[in-house]
Amino acid sequence: MGVRNELRRRGHLWHVDRVRALVEDRSHDATFFCGGSRNHAALVDLFDGLFVLHVDLGTLEERLASCTDGEWGSQPAERDLVVRLHRTGEDVPDGVVVDATRPLSEVVDEILRRTGAAPG
């Protein structure tokens, strides 16, 4: 089974119409979407920019090991798939790569700085 079919079956898809509606809502200064989507090719043109959060393989494996039962990534087959995708870079959209091994607050600050949405 191909990666797209494998992940599609697992539900990692965003509803394009819902995303479009949020993007078109200009009542907020900025809107951020977080997470991965296997149908990203249908979405990337809606966004002003795209950040790809990247971690090294060791960090990824540590984070996967901390998944609790029932959480996606807690099963060996899911972990194997994530590791394979990480190693190949398969199905990762083009974007500004951000080092996500750092503390979350630093990652957020970098994204806000790069978008011009940082307070102050």
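The values are calculated or read from the model by the stated rules, or taken from the named source; none is laboratory data. This structure is a prediction, so every number in the text was calculated from the model and none was measured. We place every Cβ from the backbone using ideal geometry, glycine too, and count neighbours over all the protein chains shown.
Some observations on this one:
- Scanning the stretch 72-89 for residues that are over 13 Å from the mean Cα position of the chain (by Cα), surrounded by 11 or more Cβ atoms within 10 Å (Cβ to Cβ) and not aliphatic (A, V, I, L, M) yields a total of 8.
- Pairs are defined by a Cβ separation below 8 Å, a sequence spacing of at least 6 or placement on different chains, a first member in the stretch 106-120 that is without any contact (Cβ under 8 Å) to a residue 12 or more places away in the chain, and a second member that is among the acidic types (Asp, Glu); the pairs so defined are ALA118/ASP109.
- Boolean, PHE33 is among the hydrophobic types (A, V, I, L, M, F, W, C) and in contact (Cβ under 8 Å) with a residue 24 or more places away in the chain: no
- Every test in (1) touching a helix residue (DSSP H, G or I) at 6+ places or on another chain (Cβ under 9 Å); (2) surrounded by fewer than 15 Cβ atoms within 10 Å (Cβ to Cβ) is passed by ALA100 save one, and that test is (2).
- Checked against (1) touching a Gly at 6+ places or on another chain (Cβ under 7 Å); (2) under 30 Å from PRO119 (Cβ atoms), VAL82 meets all criteria but (2).
- Residues (in contact with a Leu (Cβ under 8 Å, 6 or more places away or on another chain), closer than 21 Å to VAL92 by Cβ and assigned to a loop (DSSP other than H, G, I, E, B)) located in the stretch 20-73: PHE33, SER37, ARG38, ASN39, GLY73
- The condition (being of a type in the set (Gly, Ala, Ser) and surrounded by 14 or more Cβ atoms within 10 Å (Cβ to Cβ)) is satisfied by just one residue among GLY95, GLY49, GLY58: GLY95.
- Considering ARG102, ARG87, the condition of being at pLDDT 90 or above and part of a loop (DSSP other than H, G, I, E, B) is satisfied by ARG102 alone.
- Of ARG38, ARG63, ARG10, ARG18, all but one fail to be at pLDDT 90 or above, surrounded by 10 or more Cβ atoms within 10 Å (Cβ to Cβ) and of a type outside the set (Val, Ile, Thr); the exception is ARG63.
- Selected residue [under 12 Å from the mean Cα position of the chain (by Cα), more than 15 Å from HIS12 (Cβ to Cβ) and of a type in the set (Asp, Glu)] from ASP56, ASP94, ASP109: ASP94
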